[in-house]
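The values are calculated or read from the model by the stated rules, or taken from the named source; none is laboratory data. Since the structure is predicted, the reported quantities are computational estimates derived from the model, not experimental observations. When we count neighbours, we look across all protein chains shown, and the Cβ atoms used for this are built from the backbone with ideal geometry, even at glycine. Surface accessibility is based on the protein's heavy atoms, side chains included, excluding ligands, DNA and RNA. Shrake-Rupley method; radii C 1.70, N 1.55, O 1.52, S 1.80 Å.
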Amino acid sequence: MNRHDLKTISEQMKTKHGQFKQKVCVCCGAGCLSSGSEAVLKKLQEEVKLKGKENEIEVVPSGCMGPCNKGPLVKVNPGQTIYQQVEGEKVSVIVDEHLIADRPIEKMVLFSDTREKPFINSQEDPFYKKQHKIVLADCGDVNPESLEDYVFYGGYQALDKVLFQMSSEDVIAEIKHSRLRGRGGAGFPTGIKWETVYKYVADQKYVICNGDEGDPGAFMDRSVLEGNPHRVLEGMAIAGYAVGASKGYVYIRGEYPLAIKRFELAIKQAKKIGLLGANILGSAFSFDVEIRIGAGAFVCGEETALIASIEGQRGTPRPRPPFPAESGLWGKPTLINNVETFSSIVPIIACSGEWYSEIGTTKSSGTKVFALAGKINISGLIEVPMGTSLREIIFDIGGGIPGDKAFKAAQTGGPSGGCIPAEHLDTKVDYESLVALGSIMGSGGLIVMDETSDMVDVARFFMEFCMDESCGKCVPCRVGTKMMFDLLTKICQRKALPMDLERLEELAVFVKETSLCGLGMSAPNPLLSTLRYFRNEYEDYVNKSQALAGTR
Amino acid sequence: MPKISVKIDDKDLEVEVGTTVLDVCRANDIDIPTMCHLKGLVDVGACRLCLVEVEGTSKLLPSCTTKVQANQVIHTQTDKLKKYRRMITELFFAERNHVCSVCIANGNCELQDLGYKVGMENVRFPYLFQNCEVDSSHSKFVMDHNRCIMCTRCVRVCSDVEGAHNWGIMNRGYQVRIIADFNVPWGDSTTCTYCGKCVDVCPTGALWNKDATQGSMQKYPQAVSDLVEKREMKS
Ligand SMILES: Cc1cc2nc3c(=O)[nH]c(=O)nc-3n(C[C@H](O)[C@H](O)[C@H](O)COP(=O)(O)O)c2cc1C
Ligand code: SF4
Ligand code: SF4
Ligand code: FES
């Protein structure tokens, strides 16, 4: 395979897609699959064939379209009409009415159950209108199981550009210019990380893609891996070229069998035609990728634990420095980035660092994918420019709180993050603003809570998670999370005294400051942030216990 | 070896590049408590007792794994560090069941010494009261998990010095346990060489000789440190 062949594939696909008048995408992301989209795909294909239209209408599987709780979703192009909760009879109605008679069915389209006037063109709906899709740009259109389809959408052009028109330094400069920051949680500048790995001299370097995604409620990386695996693969290859690595690993958690399957397929397809392996596209650059499957430990998302796990050791963190950039996998310089970070590379190379840097805020450029969950009308996957306010995300895009209940708090960053109360709804979301509020961006989980939520119980839930997921290596986290969980339980059982609350706070600050890795350092965050904004709820519990104690 | 200057607790020091903060302190009579560290074994930074403050860094750093860098200003005895060292000690005592008065290591225990050193007068945090096993299946030694503080010295000495790989770690969080082979009674281990190095390095009364009685068990962690040093000199 050389550069010319890549063009040929693209041309062939253009001709192939050009034959069809309509393209029907059936969402085969994990959410829609669980509500039965695979059967819908089959049925649609059969019906189209039955009507003899298989040469005019193309029916394909695609990745996640966003509003997961409305699945199975079916999108008809041209026109971007999305139908929700497609099942049974609805399939034939779509085929007869929309596909053949060209009469879109308003009462079946997305949000037809909640909006007075639903939109035939889904992209005009407020849910999509305020979004800006870069990472998820082709997710929901491209067939994740077809390399040719990916190439049709411009795939592997960025790799081609990098290999033949750019030096390693050029690539790094472009990424630095974009001001992209790591999407795995901490927001470390990606360009600087690449440059650091590039500068170390070694006989072997590695690139690792972190797809462990262990936060409860988060499914961004999963959707990207399932919906557009080649995009991640291409981003990794570009990274390999930039830092001088010839080998890559993708670490995906075992709970994501579909992501593993699709990624395996993507690797196989790319290898087969020489987009991975020796002398890619006829250049001097060689790069190979292997999958490693995690066993579901949250701590294995921490980079040093993840590296230990790939090496076949017990997945526990080690102190840094040395950072993986200096001494990572098997002691070699290693670049480790998140799935979403790698997915942002292709558009940056294809458009420009300048273009990317102009999206978002001054300190946090670009877009961020969030997984909306909890007490919110539309739960699912969204992508917004950095700097979008929580209010816009929750009310304009997510459609607000169900059942006329009042908003109470938004939890970001999962077990490492915190709860942001109503008075900060207008905060423009970026790395710094969330930290200032006592939370973190994290990987993008966003759980909405309404007035009925008990914030002490929320803190207790996340503490239990951290206690269970603590690797047990260092004392503060191992013992401290258990003690804090016990104290929170005592409070919820109305058995706590003011002294217990004091101990709890003392432990929280101690564990945060003395733990070995990010898990322990951030485990107290949900507790500390609820204490900051909802202290009265803790005090209510304690006061009630004292009242009860009087009667016991 | 080239030298660099650092300042530790107001002392200006010239030290060799590549030395850990802990080694510099020990060589200069600056006392930092440690538990997982043992000279001769690879450091893991797990007990967090040796944390120090480095100016310009917001995080506390473990001195056993952190190498000194030129012109660093380091503080090892601040009120905060002293408080945290005491809290760590309290957590050790609260985690499992350390009943010194009936322990074979009473009077010869690094954990007990630590309690005195950091001025721990009582434990202010709730005890976990874990019900741990006592494994007396081995013909020469006993493992009492109630006294184990998970410093992993035994694991490291067994794999890196003896080369037997008998000891491992199982479970997560506060339920972690030291295990023999793939979690068999120690006496059934097929890798244990009966060398007793783990017993010698264990800082508490978790590992002991079967014939020991209350307060009679002496440990010799120094023996392992010396052994490693001699080997290094030879090679
Ligand atoms: C407990 C813990 C869990 C983590 N889990 C993940 C994860 O699931 N995915 C991820 O990309 N990064 C995770 N991280 C962050 C990684 O250590 C690392 O910083 C990240 O993969 C770097 O990629 P980035 O620069 O692209 O953000 C976790 C960190 C900690 C402390
Ligand atoms: S902070 Fe928790 S998860 Fe991290 S090393 Fe310590 S015990 Fe393990
Ligand atoms: S048995 Fe002793 S040496 Fe081994 S981890 Fe426990 S306390 Fe440390
Ligand atoms: S001696 Fe350094 S962390 Fe235990």
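Observations, loosely collected:
- Entry remark, segment A:505-528: residues being away from ligand 4 (no atom under 16 Å from the Cβ), more than 9 Å from chain B (Cβ to nearest Cβ) and in contact (Cβ under 8 Å) with a residue 24 or more places away in the chain number 11 in total.
Rundown of residues vs (1) more than 16 Å from A:G472 (Cα to Cα); (2) modelled with pLDDT of 95 or more; (3) crowded, with 18+ Cβ neighbours inside 10 Å, yes/no style:
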{"residue": "B:L114", "(1), (2), (3)": "yes, yes, yes"}
{"residue": "B:P126", "(1), (2), (3)": "yes, no, no"}
{"residue": "B:C148", "(1), (2), (3)": "no, yes, yes"}
{"residue": "B:C151", "(1), (2), (3)": "no, yes, yes"}
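- Residue in segment A:47-56 that is at pLDDT 90 or above, farther than 30 Å from A:A371 by Cα and touching a strand residue (DSSP E or B) at 6+ places or on another chain (Cβ under 8 Å) present: yes
- None of B:L60, B:L13, B:L49 is within 12 Å of chain A (Cβ to nearest Cβ), over 17 Å from the mean Cα position of the chain (by Cα) and of a type in the set (A, V, I, L, M, F, W, C) except B:L60.
- Count of segment B:52-66 residues which are under 16 Å from B:K7 (Cα atoms) and open to solvent by less than 60 Å² (accessible area, probe 1.4 Å): 6
- Tally of residues being surrounded by 19 or more Cβ atoms within 10 Å (Cβ to Cβ) and touching a residue at least 40 places away in the same chain (Cβ under 8 Å) across segment B:90-103: 5
- Pick from segment B:67-89, criterion at the interface with chain A (Cβ under 9 Å from one of its Cβ atoms) and of a type outside the set (V, I, T), ranking: least open to solvent (accessible area, probe 1.4 Å): B:M87
- Selected residue [without any contact (Cβ under 8 Å) to a residue 12 or more places away in the chain, open to solvent by 10 Å² or more (accessible area, probe 1.4 Å), within 14 Å of another protein chain (Cβ to nearest Cβ) and out of contact with any His (no Cβ under 9 Å at 6 or more places or on another chain)] from A:E502, A:E464: A:E502
- Entirely in segment A:400-479, the strands (runs of 3 or more DSSP E) that have 3 or more residues that are more than 16 Å from A:A508 (Cβ to Cβ) and not basic (K, R): A:407-412, A:445-450
- Condition check for B:K39 on (1) within 12 Å of another protein chain (Cβ to nearest Cβ); (2) within 30 Å of B:A223 (Cα to Cα); (3) not hydroxyl-bearing (S, T, Y): one failure, at (1).
Conditions (1) within 12 Å of ligand 4 (Cβ to nearest atom); (2) under 28 Å from B:C148 (Cα atoms); (3) small (G, A, S), marked per residue:
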residue: B:K7; (1), (2), (3): no, no, no
residue: B:L13; (1), (2), (3): no, no, no
residue: B:P33; (1), (2), (3): yes, yes, no
residue: B:A46; (1), (2), (3): yes, yes, yes
residue: B:R85; (1), (2), (3): yes, yes, no
residue: B:A105; (1), (2), (3): no, yes, yes
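- Residue list for segment B:114-124, restricted to those being in a loop (DSSP other than H, G, I, E, B) and out of contact with any helix residue (DSSP H, G or I) (no Cβ under 7 Å at 6 or more places or on another chain): B:E121, B:N122
- Members of segment A:80-131 that are out of contact with any His (no Cβ under 9 Å at 6 or more places or on another chain) and within 14 Å of A:K23 (Cα to Cα): A:Q80, A:I82, A:I94, A:V95, A:H98, A:L99, A:I100, A:D102
- Sole exception among (1) among the aromatic types (F, W, Y); (2) part of a loop (DSSP other than H, G, I, E, B); (3) out of contact with any Phe, Trp or Tyr (no Cβ under 9 Å at 6 or more places or on another chain) for B:Y127, by number: (3)
- Given (1) closer than 25 Å to B:Y220 by Cα; (2) surrounded by fewer than 19 Cβ atoms within 10 Å (Cβ to Cβ); (3) within 14 Å of chain A (Cβ to nearest Cβ), number of the condition B:N171 does not satisfy: (1)
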